Amino acid sequence: MTVPRFWRKLKHRYNLLGTHCTTCDTYYYPPRKICPKCRRTGKIQSHQFKGEGKLLTYTIIQNPPEKITAQAPYVLGIVELDEGPRLTSQIICHPEEVEIGMRVQSVFRKIGEESAQGMIYYGTKFVKN
Amino acid sequence: MDSVGIVSYGVYIPRYRIKVDEIAETWGEDADSIRKGLWVFEKSVPDIDEDAVTIAVEAARNAIVRRDMDPLRIEAIYTGSESHPYVVKPTSTIVAEAIGATPSLTAADFEFACKAGTAAIQACMGLVGAGMIDLGLAIGSDVAQGAPGDALEYTAAAGGVAFIIGRNELIAEIKATYSLTTDMPDFWRRDGMPYPEHGGRFTGEPAYFKHIIGAAGGLMEKTSTTPKDYDYVVFHQPNGKFPMRAAATLGFTEEQLGPGFVVPHLGNTYSGSAMMGLAAVLDVAEPGESILMASFGSGAGSDAFEITVLDEIEELRGKAPSVSELLERPTYISYATYARHKGKMKI
Amino acid sequence: MREVAIIGVGCTMFTELWEISFRDLFVEAGLSAIEDAGVEGEAIDALYIGNMSAGRFIEQEHLASLIADYAGLASINTPSTRVEAACASGGLALRQAVLAVASGHHDIVIAGGGEKMTDVDTGDATDVLSAAADREWEGIMGATFPGLYAMIARLHMHRYHTTSEQLAQVAVKNHYNATMNPKAQYQRAITIENVLTSPMVADPLHLFDCSPMTDGAAAVILAPAEVAKKYTDTPVYIKATTQASSTISLHDREDITTLDATVAAAQRAFQTAGLTPRDVDLAEVHDCFTIAEILAIEDLGFFKKGEGGIATEEGLTAIGGEIPINTSGGLKACGHPVGATGIKQAVEVTEQLRGEAGKRQVDGAEIGLTHNVGGSGGTAIIHILQR
């Protein structure tokens, strides 16, 4: 991912900053300019999520893609935040301890890097609560 | 000097630990004598995706959560570390963004070996005292590196502490500060080199002890106080023996050293070391009690502080993780895993 | 809108084709289809090309011109269009070609799909494919393609008690079918144990639960139904061509264990054709991973949600079973040159409906269905074909 592209959304990654459609009261993370339910009639506001939720599903990945800072085998999961939206994240916990439905909590970690000389990507991951 | 002090504080310690035994076994050394010589049993190790930046952010977030405050009030952020991941590009701006303090603030990174964090505290005190800012955030955060097989491996640890400095709503007042600084090549790292060089025994008497004892002594002279006037004393903790000896030399007791003495099960968190001891004391200190803290940074210098705990500290108890909570429930790892986490194996 | 028929099909070998270049793959498949249809090149009114990522695999864009040129059709300025919908690029090319003929705008049209994946190493190829997911919010967070489908599998197993053995049975069945397909990448049978002891890629998916990297291309020739018999005694009529979009990322999917794009496209297809799933005699579905086939046979309406695993285990989707699935060997065993798959599926169903499928023939096959998916379910394209 190129530098301007990462920079554009880094605030949203660091702080779980998404959006809220006040017309239908639906929350979105990642942020969306258009509410899929209301489309043009939706009034969109910025919203910062608390970072707590539960694990909907997961896998244990043996081969991390390049540039991702994770030590295989690592847990990748889909988290449903308490406010509603879902996101994909590494789940920091021992593969033997992970279970569907467990509570998770956000933490600030290194996600990856462009290269040893390149930009470091920081962002939000989740740990078992 | 106007009444300036600590408004809140936050701590972060990664959950992995490696025991002295594990390191000693790798290098064929005697764990028992190392433990006795250093008075350190285990040290903290960062996860593979943790670094001085992520640790600084977590400590800062804990400081904000403890107080439940508006981060936009923070108008200066200074992070001190000897393991900033970028040599050029500040840690403090990443912290600023990650705590929601941008854009109306000043920021910079500090470096002065293990006293970079306390130097940041002094800078914030100045800005706050001069009325230039509302609140300042001073952080000491490190993922310290010791070369494989070097004595420093036993103690070089990871952790971070953040102090929010302000003028009102204080939980502790910083009544005075005094620093001793000389040009002293006891420990350094050249640009591009992965591990530091140090002078062995040279880092003791002429470096650590001269500066800490000089700064602490100088502070007491400046404030007309003696060791008896303090309930707690906190020193920089490169190992267990040095702070115990400094305390004895200055005339402090083991009881005064006790609560802030965190190194045996944590290791030396470098820029966060003395600050971690101070945080551990604040976790338990009662209103009205008095603390002397003296950091030490190789190069060399010591910043000493006279701190008085205020009533408001009781309201903030338990609002964020304490040092002892973070030291509980460690996850022990092997040397191999440790080497992977610390990037010691170059591929 | 007039009815459309397939009057010719062609397909290259699906495997690592070191000797054959990207453009030559298309030419080979195209020539084969043209000869099968017995048309002249000049009769072709338009080309539709399906390809996912030549830009990253071989640093080549503007495929519309490239393929028209090397097919000898640029010399007569034949219009050419390249379409992309990740792994559904082939199905999309077919649909666009069908619409072009149905609308009356063009008469004889060729739809081709192909991918050249082996000129880059596996690590790079894997990264190219991961662009079918959301780079910003899935890829950068460490999600690999097998990882995404593995998360679907894990939840499907949690909710419906689908087992690893049932997933493995999909691979076993498809490899068995491929032993009878001379074009398939893997033509040897495997066992459930082979699958379960193969290295874990993303728990619970093993290596043998995942479709391979393949080179290949396929093509079909379309004509208006009313003139199809001029070209062939066995035209195959397109009774429905439907398409549906869904969220690009898996985490935004309403039900992680259902591809709602498949459900929507299938409902539209059966409605258009005036048919039900029970009327279908065989189907080529999108088994990029074994779990994907299980989802497909549920979402297409062949089996109830959650019962895809059991149906597979009981042999209901084998040749000779209630609804033979992936007689070609599917993506798993026939191979998955990404852009080619959607077209190859139509080739397989056409040959089955013509009675030309050799040892893997489904007896009395009259109605077939193709199901092509992009990414983790962001696009689904369905065609219903009838003799």
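The values are calculated or read from the model by the stated rules, or taken from the named source; none is laboratory data. These figures come from a predicted structure and were not determined experimentally. Positions of Cβ are backbone-derived with ideal geometry, glycine not excepted, and every protein chain shown enters the neighbour counts.
Residue B:139 - would you say it is part of a helix (DSSP H, G or I), of a type in the set (Val, Ile, Thr), within 17 Å of the chain's Cα centre (by Cα) and within 30 Å of residue B:201 (Cα to Cα)?
So residue B:139 fails the test.
So which strands (runs of 3 or more DSSP E) stay within region C:24-133 end to end and still have 3 or more residues that are surrounded by 24 or more Cβ atoms within 10 Å (Cβ to Cβ)?
Once the strands (runs of 3 or more DSSP E) in region C:24-133 are filtered for at least 3 residues that are surrounded by 24 or more Cβ atoms within 10 Å (Cβ to Cβ), what remains is C:46-50, C:109-115.
Of the numbered conditions (1) assigned to a helix (DSSP H, G or I); (2) in contact with a helix residue (DSSP H, G or I) (Cβ under 7 Å, 6 or more places away or on another chain); (3) free of Cβ contacts under 8 Å to residues at least 12 places away in the same chain, residue B:54 fails exactly one; give the number of that condition.
The failed condition is (2).
Could you please find all residues in region A:71-115 being within 9 Å of chain C (Cβ to nearest Cβ), in a loop (DSSP other than H, G, I, E, B) and free of Cβ contacts under 8 Å to residues at least 40 places away in the same chain?
Within region A:71-115, A:73 is the sole residue that qualifies.
What is the one condition in (1) in a loop (DSSP other than H, G, I, E, B); (2) surrounded by fewer than 23 Cβ atoms within 10 Å (Cβ to Cβ); (3) not charged (D, E, K, R) that residue C:158 does not satisfy?
Every condition holds for residue C:158 apart from (1).
How many residues are touching a residue at least 24 places away in the same chain (Cβ under 8 Å), within 14 Å of chain A (Cβ to nearest Cβ) and either surrounded by fewer than 20 Cβ atoms within 10 Å (Cβ to Cβ) or closer than 13 Å to residue C:330 by Cβ (or both) if we restrict to region C:172-203?
Count: 0.
To keep it simple, each residue is scored yes or no on (1) hydrophobic (A, V, I, L, M, F, W, C); (2) closer than 18 Å to residue C:263 by Cα; (3) assigned to a helix (DSSP H, G or I); (4) touching a Lys or Arg at 6+ places or on another chain (Cβ under 6 Å).
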{"position": "C:287", "(1), (2), (3), (4)": "no, yes, no, yes"}
{"position": "C:292", "(1), (2), (3), (4)": "yes, yes, yes, no"}
{"position": "C:296", "(1), (2), (3), (4)": "yes, yes, yes, no"}
{"position": "C:302", "(1), (2), (3), (4)": "yes, yes, no, no"}
{"position": "C:305", "(1), (2), (3), (4)": "no, yes, no, no"}
{"position": "C:310", "(1), (2), (3), (4)": "yes, no, yes, no"}
{"position": "C:327", "(1), (2), (3), (4)": "no, no, no, yes"}
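Collect the residues in region A:119-129 that are touching a residue at least 40 places away in the same chain (Cβ under 8 Å) and either assigned to a loop (DSSP other than H, G, I, E, B) or at the interface with chain B (Cβ under 10 Å from one of its Cβ atoms) (or both), keeping them in residue-number order.
A:119, A:122, A:123, A:124, A:129
Does residue A:22 meet the test of being out of contact with any Asp or Glu (no Cβ under 6 Å at 6 or more places or on another chain) and away from chain C (no Cβ under 14 Å)?
Considered against the rule, which asks whether it is out of contact with any Asp or Glu (no Cβ under 6 Å at 6 or more places or on another chain) and away from chain C (no Cβ under 14 Å), residue A:22 comes out as yes.
Within region A:35-53, identify whether any single residue is more than 10 Å from chain C (Cβ to nearest Cβ), aromatic (Phe, Trp, Tyr), surrounded by 19 or more Cβ atoms within 10 Å (Cβ to Cβ) and part of a loop (DSSP other than H, G, I, E, B), and answer yes or no.
Yes.
Before we move on, is residue B:65 in contact (Cβ under 8 Å) with a residue 12 or more places away in the chain, surrounded by fewer than 18 Cβ atoms within 10 Å (Cβ to Cβ) and more than 17 Å from residue B:275 (Cβ to Cβ)?
So residue B:65 passes the test.
In region B:24-62, which residue that is crowded, with 19+ Cβ neighbours inside 10 Å and among the polar types (S, T, N, Q) is farthest from the other protein chains (Cβ to nearest Cβ)?
This residue is B:44.
Taking into account only those residues within region C:207-254 that are β-branched (Val, Ile, Thr) and either part of a helix (DSSP H, G or I) or surrounded by fewer than 21 Cβ atoms within 10 Å (Cβ to Cβ) (or both), which is nearest to the other protein chains (Cβ to nearest Cβ)?
By that ranking, first place goes to C:247.
Would you confirm whether any residue within region C:137-145 is among the polar types (S, T, N, Q), surrounded by fewer than 22 Cβ atoms within 10 Å (Cβ to Cβ), assigned to a loop (DSSP other than H, G, I, E, B) and in contact with a strand residue (DSSP E or B) (Cβ under 7 Å, 6 or more places away or on another chain)?
Among the residues of region C:137-145, not one is among the polar types (S, T, N, Q), surrounded by fewer than 22 Cβ atoms within 10 Å (Cβ to Cβ), assigned to a loop (DSSP other than H, G, I, E, B) and in contact with a strand residue (DSSP E or B) (Cβ under 7 Å, 6 or more places away or on another chain), which makes the answer no.
Please go through region C:56-81 and pick out each residue that is over 15 Å from residue C:45 (Cα atoms) and of a type outside the set (Asp, Glu).
C:56, C:57, C:58, C:60, C:62, C:63, C:66, C:70
Condition first: under 15 Å from residue B:109 (Cα atoms), away from chain A (no Cβ under 14 Å) and part of a strand (DSSP E or B). Can you find one or more residues in region B:69-76 that meet it?
Scanning region B:69-76 turns up at least one residue that is under 15 Å from residue B:109 (Cα atoms), away from chain A (no Cβ under 14 Å) and part of a strand (DSSP E or B).
Does residue B:95 meet the test of being away from every other protein chain (no Cβ under 14 Å), of a type in the set (Val, Ile, Thr) and surrounded by 17 or more Cβ atoms within 10 Å (Cβ to Cβ)?
The answer is no for residue B:95.
Only one of C:162, C:179 is of a type in the set (S, T, N, Q), closer than 30 Å to residue C:309 by Cα and over 21 Å from the mean Cα position of the chain (by Cα); which?
Among C:162, C:179, only C:162 is of a type in the set (S, T, N, Q), closer than 30 Å to residue C:309 by Cα and over 21 Å from the mean Cα position of the chain (by Cα).
Hey, can you tell me all the residues within region C:81-123 that are of a type in the set (S, T, N, Q) and at pLDDT below 95?
C:122, the sole residue that qualifies.
So, of the residues in region B:68-92 that are small (Gly, Ala, Ser) and within 22 Å of residue B:320 (Cβ to Cβ), which turns out to be surrounded by the most Cβ atoms within 10 Å (Cβ to Cβ)?
Among those that are small (Gly, Ala, Ser) and within 22 Å of residue B:320 (Cβ to Cβ), it is B:80.
Across region B:77-89, which residue is nearest to the other protein chains (Cβ to nearest Cβ) among those that are under 25 Å from residue B:131 (Cα atoms) and not polar (S, T, N, Q)?
B:77
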